[in-house]
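Report on one structure; see the data block that follows.
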Amino acid sequence: MPAEGMTELDREKLSQLIEAHADRPGALLPILQAVQAGFGHVADTFVPVIAERLNLSRAEVHGVLTFYHDFRRQPAGRRVLKLCRAEACQAMGAVDLLAQAEHRLATAMPGTRADGAVTLEPVYCLGLCSVAPAAMLDGRLVGRLDAGRLDALIDEVLA
Amino acid sequence: MTVTVYVPGDAAAVACDADAVARAIEAALAARGEDFVIIRNGSRGLHWLEPLVEVVTDTGRIAYGPVAVEDVADLFACGFLAGADHRLRVGRPEDHPFLAGQTRLTFARCGVIDPASLDAYRAHGGGRGLEKALTMTAADRIETVKNSGLRGLGGAGFPVGVKWETVARTEGPRKYVVCNADEGDSGTFADRMLMEGDPFCLIEGMAICGLTVGATQGYIYVRSEYPHAIAAMARAIEAARAGRWLGADLLSSGLAFDIELRVGAGAYVCGEETALLESIEGRRGQVRAKPPLPAHKGLFGMPTVINNVLSLAAVPFIFAEGPKSFRDFGVGRSRGTMPIQLAGNVKHGGLYETPFGLTLGELILIAGGTASGRPVRAVQVGGPLGAYFPPRLFDTPFDYEAFMAAGGLIGHGGITVFDDSVDMARMARFAFEFCAIESCGKCTPCRIGAVRGVETMDRLIAGDRPAEQRALIADLSETMKFGSLCALGGFTPFPVMSAITHFPEDFGADHPAAAAE
């Protein structure tokens, strides 16, 4: 099996994650989601393993992996801060908050801070448009964001 | 007596600290030695009051909000468990003008019941639509939906009954019901609220659809940005299976129908129905050319009904109360109610379900004007692909045809308000940028046009020959509108051209009104 660069443990874990979903119709997305949840990202070395199990070409798996914004091919920072930059949040000052986050984290969006503390990403709507501007820190939702609350979030991330 | 407190578990409430408030209330109740239960209900839709905590008293449920963790001790000290006065006291929620003015058909239970409890759903009238449907012939079920006048509330406005009839008449070894819960439009959150606040209503609507068209498998495709909705739906599907509302023998009818939850992976274009089907099948979310229609050749090549959450969730009411009771609401060819979402720079943001026909200006009044207190300058209706409206068009009534006539669309019913600090050239540039980021890449007008649009807007914003850039953008918009495969490329010209038409002063042009003086 072409899975160079992986430990035996990783190989075992990957195989389990794949097998849990492989028999579902349209299994590729659930598998990629499970692999990312398990490893934090979908490494390029995983692609041929997934392709072989689903009887797909590597190109097909690569194509899906790179199409969707959620999938990562490299590990993210220790925390992930997503700031909404869709229209409703813009109407409440999101553009200034993005600039504030980029400045304080010394990271351009999208990007990961040099010390790996945080990945800063845009998100296009969290469905919190009535309590805008909105953000998501790891899995935690934050609404009614303003400069002070964003500063507090960033303090938490950098602590 | 057991104390019952409701603290919304809706994502908008949680984003405003509802989980911490629930924990603080729980700790206080435990410390007092009360016998209590805390129910995490959905949201009533008065989002500026979230977290809106409700206590069950002898005179009904009394609400307080917005409650912060720091307010909890004070609420207890004032006797809020008995509904006592407090500066945060809202009173009976149903008496609040924002709720009292609504016509809640689809959202009747949202925020009222425990969304995790099938028993609570039944106790509040849930299930009567499905029971009624089981006594009817398939032909009568289709007639019921057609007679209701229900149109697709995802944005396209296609008659739901006609779609169901097409699938019912199409032969296939298997058929599917797919619920589009990929609610990606900024300014919209009704699907999310319904899934979090009344998930059994969606399940019931899908089950009725399944037995009407002869489908045994349903899929709900929810976007990954909605973790709370995903959890609430997954929990409800399990409970529905346990209660035999789903499975091999639905309510002992001998009919089978089950639902699988699928989660998106961050692609706006998957809200387009054929891209969504591709995504469920495990491929890139690329748009399919139509025909064939999904009704003929949809998921896995089989006849498929694909409807939005709100369309399917309107169905239980239509069956329980009869199609006439739905059709009697609304205006012209827009029948029934629309759950309208008030968002952006508004004082009173939230969900407002009302019959079609209110004007845009009336809706902005209901939203209480801007949160910033500055004048309203522009309102985007229908998400990122919807047109921007200036105040002089606020008399446009909220229905499909009137909005089309005014050069816009109602889309999924989102209204995003901007105050006078907005730069419309920036918003037009953003519309192109969003289209470029989210384009599936299949058709050239969208894939390339959006990028060229951003570049052209950048030149215009820099003051480089603005008249020429405006002409280029008008031309490009024509190409995208008529040459794109789906609404992403095809409708991006709506926000762009409406911004240029109604706010020319932001695009380096003299305002026509000013020039005429």
Problem set entry | Rounded D (µm²/s) - segment B:407-458, Kirkwood Rh over Cα pairs, Stokes-Einstein at 10 °C, 1.306 mPa s | 127
Problem set entry | Relative contact order (%) - segment B:341-500, alpha-carbon pairs under 8 angstrom, separation at least six | 24
For this session: Pull out the extension gain between residue A:39 and residue A:117, defined as 0.36 nm times the separation in residues minus the alpha carbon to alpha carbon distance; nm, one decimal.
Result: 26.3 nm
Exercise. Out of A:115, A:96, A:44, any idea which swings most in a Gaussian network model of chain A, alpha carbons joined below 10 Å?
Worked result: A:115
Seminar exercise, completed: In segment A:12-31, the residues losing 20 Å² or more of accessible area (1.4 Å probe, heavy atoms of protein chains only) relative to their chain alone are A:24, A:25, A:26, A:29
Problem set entry | Local net charge near residue B:336, Cβ-Cβ under 14 Å (Lys/Arg +1, Asp/Glu -1) | +3
Exercise. Ratio of segment B:1-158's C-alpha Rg to 2.2 N^0.38 Å, to two decimals?
Worked result: 1.25
Exercise. So what is the relative contact order of chain B, in percent, for Cα pairs below 8 Å that sit 6 or more residues apart?
Worked result: 13
Exercise. In peptide B:216-224, how many Cβ atoms from other protein chains are near each Cβ within 10 Å, on average?
Worked result: 1
Exercise. So how do A:52-60, B:329-337, B:210-218, B:152-160 stack up, highest first, on mean other-Cβ count within 10 Å?
Worked result: B:210-218, B:152-160, B:329-337, A:52-60
Seminar exercise, completed: Inter-chain shielding metric for A:116-128, i.e. average beta-carbon neighbours from other chains within 10 angstrom, reads 6
For this session: Count, for each residue of A:79-90, the Cβ atoms from other chains sitting within 10 Å of its Cβ, then give me the mean as a whole number.
Result: 6
Exercise. In whole Å, what is the distance between the alpha-carbon centres of segment B:211-229 and segment B:272-331?
Worked result: 10
Problem set entry | Quotient of C-alpha Rg and 2.2 N^0.38 Å, computed over segment A:8-67 | 0.98
For this session: Bin width 20 Å, alpha-carbon pairs only: give the P(r) of the protein assembly as shown as whole percents, running from 0 to the bin holding the largest distance.
Result: 18, 53, 28, 2
Seminar exercise, completed: Interface A-B: total buried accessible area (1.4 Å probe, Å², nearest 100) of 3600
Exercise. Rule-of-thumb check for chain A: C-alpha Rg over 2.2 N^0.38 Å?
Worked result: 1.21
For this session: Excluding residues on the same chain fewer than 8 positions from residue B:290, give the lysines whose Cα lies under 26 Å from its Cα.
Result: B:146, B:163, B:175, B:442, B:481
Exercise. What is the packing order of peptides A:11-22, B:6-17, B:397-408, taking the mean over residues of other C-beta atoms within 10 Å and listing the highest first?
Worked result: B:6-17, B:397-408, A:11-22
For this session: Starting from the Cα-Cα distance between residue B:290 and residue B:465, subtract it from 0.36 nm times their residue separation and give me the gain in nm to one decimal.
Result: 59.0 nm
Problem set entry | Cβ charges +1 (Lys, Arg) and -1 (Asp, Glu), total dipole of chain A, debye | 200
For this session: State, to one decimal in nm², a quarter of the convex hull surface area for the C-alpha atoms of segment B:118-327, i.e. the direction-averaged projected area.
Result: 10.6
Seminar exercise, completed: The percentage of Cα-Cα pairs in segment B:335-452 separated by more than 18 Å is 53
Exercise. Which whole-angstrom value gives the distance between the alpha carbon centres of segment A:3-74 and segment B:418-494?
Worked result: 36
Exercise. How large is ³J(HN,Hα), in whole Hz, for each residue of segment B:491-497 in order, when computed from phi with the Karplus curve 6.51 cos²θ - 1.76 cosθ + 1.60 and θ = phi - 60°, using x for Gly and Pro?
Worked result: 9, 3, x, 4, x, 5, 6
Exercise. For chain A, modelled as a Gaussian network with Cα springs under 10 Å, which listed residue fluctuates most, A:143, A:77, A:63?
Worked result: A:63
Exercise. Over chain B, what percent of the accessible surface lies on carbon and sulfur atoms, probe 1.4 Å?
Worked result: 54
Problem set entry | Rough spin-label spacing in nm, given labels placed 7 Å along Cα→Cβ, for residue B:242 and residue B:174 | 2.8
Exercise. So which GluC sites (Glu not before Pro) in segment B:134-197 pass both tests, a DSSP loop state and at most 11 other Cβ atoms within 10 Å of the Cβ?
Worked result: B:171
Exercise. So how long is each side of segment B:424-515 along the principal axes, counting just the alpha-carbon atoms, biggest first, in Å?
Worked result: 42, 22, 18
For this session: Mind computing the radius of gyration and Dmax over the alpha-carbon atoms of chain B? Å is fine for both.
Result: 23.7, 75
Exercise. On the first, second and third principal axes, largest extent first, how far apart are the outermost C-alpha atoms of segment A:79-158 in Å?
Worked result: 35, 22, 22
Exercise. Per-residue HN-Hα couplings for segment A:150-159, Karplus 6.51 cos²θ - 1.76 cosθ + 1.60 at θ = phi - 60°, whole Hz, x for Gly and Pro?
Worked result: 5, 4, 5, 4, 5, 4, 4, 5, 8, 5
For this session: Report the equivalent ellipsoid semi-axes for segment B:190-300 in whole Å, largest first, defined as the square roots of five times the eigenvalues of the gyration tensor built from alpha carbon atoms.
Result: 24, 19, 10
Problem set entry | Virtual spin-label span in nm between residue A:96 and residue B:374, 7 Å along Cα→Cβ | 0.9
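The values are calculated or read from the model by the stated rules, or taken from the named source; none is laboratory data. Note that the structure is a prediction, hence the values are computed from the model and not measured. Note that we place each Cβ from the backbone using ideal geometry, even for glycine, and neighbour counts take in every protein chain shown. When the accessible area is computed, the model is the full protein with side chains, heavy atoms only, and any ligands, DNA or RNA have been set aside. Shrake-Rupley method; radii C 1.70, N 1.55, O 1.52, S 1.80 Å.
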